[in-house]
Amino acid sequence: RYVLGEWVMADGLVYPNFDESKHTFSGTPFLSDSGRPLPGAEFYVSCDYGIVNPFAGYVWVLYKGVAYCWKEYYYDSREKQRQRTDEEHYAALDALIGDLPIECIVVDPSATSFKETIRRHDKYDPYNANNDVIPGISTVASLLNAGRLLIHTGCKSFLDEMGLYLWDSEAIEDAVIKEFDH
């Protein structure tokens, strides 16, 4: 991004290094044949809360230094032409989680009503996400480059958005287009 010592704005895909043949997996390399978590596997859920914008929830597994995005719940109220309540989103996430030993659910700090819904069910701990976009992009890009972030082939919405998430070429500083960022 430096040309002749002049800074060049980011443009194009946010993750041009994403390669579906390298960064996806199938199966469950962190579960035993009986379906139980292998020792050392840690399970988390992340949510991008949306009412009008899509709600995206993902089950993540940290195992042997790799972050696996394993399962997804994705609900686009514009596409479905129906908004869901916090309780409906919670029920969908709870079904996605099943009996997995979840460490916490990471949620957008501004999603106060959804975090309260999680608290009221007293089953999982909500944790505020860090919404610093540019450092987050840098972390994800580094993990992709190191082969330490893999996405399950069944996470179709996540995979679609990896190829649609773009830098805002009209911004005056590095910024992303706030679409396909769930």
Students often forget the sequence filter, so: which lysines lie under 24 Å Cα-Cα from LYS123 once same-chain residues fewer than 8 apart are removed?
LYS71, LYS115
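Rounded to the nearest angstrom and ordered from largest down, what semi-axes does the equivalent ellipsoid of the range 57-139 get from its C-alpha gyration tensor (root of 5λ)? Don't skip to the end; give the middle numbers.
Details: eigenvalues 90, 58, 43 Å².
Equivalent ellipsoid semi-axes, largest first: 21, 17, 15 Å.
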Tally up the carbon and sulfur contribution to the accessible surface of the range 1-151 as a whole percent, 1.4 Å probe, everything protein left in place.
49 percent
For the range 1-130, what is the accessible area per residue in Å² when the probe is 1.4 Å?
58 Å²
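For the range 102-152, what is the convex hull volume of the alpha-carbon atoms per residue, in Å³? Walk me through the numbers on the way to the answer.
Working: hull volume 4.8 nm³, N = 51.
Residue-normalised Cα hull volume stands at 95 Å³.
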Cross-link pairs LYS22/LYS64; LYS22/LYS80; LYS22/LYS156 - those with Cα-Cα distance over 22 Å
LYS22/LYS80
So the pair-distance distribution of the range 10-113, from every Cα-Cα distance in 10 Å bins, comes to percents of 13, 38, 33, 16, 1
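The values are calculated or read from the model by the stated rules, or taken from the named source; none is laboratory data. Given the structure is predicted, the values throughout are model-derived calculations rather than measurements. Surface areas here come from the heavy atoms of the whole protein model, side chains and all, with no ligands, DNA or RNA. Shrake-Rupley method; radii C 1.70, N 1.55, O 1.52, S 1.80 Å.
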